[in-house]
Amino acid sequence: MKRLLLSLAFLGFAAPAVAHEVLHEVQRGRAVAVHAWFPDGESLAYVQAEVFSPADEKIPYWKGRTDRNGWLAFVPDVPGKWHVRIVDSTGHGLDTTVDVAPPGAGDGASGGGIPGVAPLAFVLRPVVGVALIAAIFAFLYFRGRRRPS
């Protein structure tokens, strides 16, 4: 019974860890739009956001809040690496760089990495966590079953 309660306590601590991750996507056109959300699908709605130009990285080029769906948009005036910061009142958020190409250089969507990796990681993390916990308990179980000769 004691082991069961201990294992349930460990499982209870594993679930909240996902809340610290924030995913995002960038859509390009004339304007750049950034969408930020938590892995469970909840958007960072009405959250403080700042965009910094590569021309001046100290003073925000744009300052405001995301919309109710977690989107912010800005129209860059120079190509280069733009810094986007989205942080909620609890300190969770996104701090990323968006590459803005010169006009006519071709536009496409990009995110914080390889497309499709974030959803895959969202599924694999709990599976790997459960497998690790199972391996620890299997080790402890078989270690406890050994009888001294």
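Data for the structure
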| quantity | calculated |
| --- | --- |
| Estimated inter-spin distance, residue 90 and residue 67, nm [label 7 Å along Cα→Cβ] | 2.5 |
| Peptides ranked, highest mean first, by Cβ atoms within 10 Å: ranges 88-96, 137-145 | 88-96, 137-145 |
| Amide proton proximity set for residue 94, modelled H, under 5 Å, gap of 5+ | 86, 87 |
| Label-to-label distance, nm, for residues given as residue 131 and residue 83 (7 Å Cα→Cβ offset) | 3.8 |
| Computed label-point distance, nm, for sites residue 122 and residue 59 using a 7 Å Cα→Cβ extension | 3.9 |
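Just so you know, all these numbers are worked out from the coordinates, no wet-lab data involved. Please read these numbers as outputs of a predicted model, since none were measured by experiment. Cβ atoms come from the backbone with ideal geometry, glycine included; neighbour counts cover every protein chain shown.
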